[in-house]
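Written below as structure tokens is the structure these notes are about.
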Ligand code: PRP
């Protein structure tokens with residue numbers, strides 16, 4: 001790992017729709033976000049005033065950077081933490097990025113496979129889906145998709161999907177409906193375990209500010 005200033009706290013943040021809510025929360029907490037919100041392609045954003053450095057990442061990669069200590073803190077949706085186990089501490093729920101993990105499908109169709117075959121489930125969350133349907137005793141065939149999962153039931157690829165629903169607009173516009181809720185999702189702050197011990201005097205005030 002490249003050497004870094006020991007006084008700098010590195011925060012891994014997700015690019016995408018949660019970033020605006022996150023910067024609002026940081027501002028509310030009195031943490032300026034000019035470096036974070038600057039219109040730039042830079043993936044490392046250093047804020048000299050606060051001593052914070054932000055890494056802009058795909059949401060799924062945030063816990064990896066925190067687990068390995070490349071970042072001290074991270075902001076990530078609970079969906080990412082449900083899908084894979086990471087050795088990180090999750091001390092603060094930010095109550096932003098709120099949505100639901102749901103089973104969705106065509107209206108008025110039972111959650112069942114066709115004929116003798118198991119239920120086909122298209123999803124970005126195979127582990128979550130597998131656990132959910134196993135607990136229900138429903139045999140499934142999992143079909144991993146990276147995105148636009150709603151296409152699964154529309155094209156005959158799958159019977160249902162397991163996906164995140166925020167406003168429900170994507171479902172509506174594609175003729176699908178929510179069928180069963182698996183979990184409520186929100187964004188949480190995660191911390192590298194060693195960093196939390198070794199740099200607590202710098203990290204704790206950030207956690208307290210974010211906790212509001
Ligand atoms: C997410 C999710 C749904 C959509 C739900 O996809 O997978 O498709 O948002 O939001 P809504 O209920 O407000 O319509 P995202 O936009 O992240 O893109 P993706 O399909 O490429 O994953």
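Taking residue 156, is it out of contact with any strand residue (DSSP E or B) (no Cβ under 6 Å at 6 or more places or on another chain) and either farther than 14 Å from residue 105 by Cα or within 11 Å of the ligand (Cβ to nearest atom) (or both)? Steps first, answer last, please.
Working: out of contact with any strand residue (DSSP E or B) (no Cβ under 6 Å at 6 or more places or on another chain): yes; either farther than 14 Å from residue 105 by Cα or within 11 Å of the ligand (Cβ to nearest atom) (or both): no.
Spelling it out, it is not the case that residue 156 is out of contact with any strand residue (DSSP E or B) (no Cβ under 6 Å at 6 or more places or on another chain) and either farther than 14 Å from residue 105 by Cα or within 11 Å of the ligand (Cβ to nearest atom) (or both).
Taking (1) modelled with pLDDT of 95 or more; (2) surrounded by fewer than 18 Cβ atoms within 10 Å (Cβ to Cβ); (3) more than 18 Å from the chain's Cα centre (by Cα); (4) more than 14 Å from the ligand (Cβ to nearest atom) in turn, residue 96 satisfies each apart from (3). Here is the figure for the stretch 186-212: residues that are in contact (Cβ under 8 Å) with a residue 24 or more places away in the chain and more than 23 Å from the chain's Cα centre (by Cα) total 2.
Being touching a strand residue (DSSP E or B) at 6+ places or on another chain (Cβ under 7 Å), more than 16 Å from the ligand (Cβ to nearest atom) and within 16 Å of residue 186 (Cβ to Cβ) is the requirement here; does residue 62 meet it? Here the answer is no, as residue 62 does not meet what is asked. Is it the case that residue 69 is in contact with a helix residue (DSSP H, G or I) (Cβ under 9 Å, 6 or more places away or on another chain), at pLDDT 95 or above, at positive phi and outside the structural domain of residue 167 (by TED's automatic domain parsing)? Taking the combined requirement at face value, the residue satisfies it.
In the set 140, 162, 149, 121, only one residue is at negative phi, modelled with pLDDT of 95 or more, away from the ligand (no atom under 16 Å from the Cβ) and crowded, with 19+ Cβ neighbours inside 10 Å; that residue is 140. Taken as a whole, the stretch 179-196 holds no residue that is farther than 30 Å from residue 24 by Cβ, within 16 Å of the ligand (Cβ to nearest atom) and crowded, with 19+ Cβ neighbours inside 10 Å.
Regarding the stretch 115-127, can at least one residue be identified that is more than 14 Å from the chain's Cα centre (by Cα) and under 22 Å from residue 15 (Cα atoms)?
Restricting attention to the stretch 115-127, the residues satisfying the condition of being more than 14 Å from the chain's Cα centre (by Cα) are 115-123, 126-127.
The next check asks that each one be under 22 Å from residue 15 (Cα atoms); those that pass are 123.
So far as the stretch 115-127 goes, yes, one or more of its residues are more than 14 Å from the chain's Cα centre (by Cα) and under 22 Å from residue 15 (Cα atoms).
The values are calculated or read from the model by the stated rules, or taken from the named source; none is laboratory data. Here the structure is a predicted model, which is why all the values come from computation and not from measurement. Counting neighbours? That spans all protein chains shown, and the Cβs are built from the backbone with ideal geometry, glycine included.
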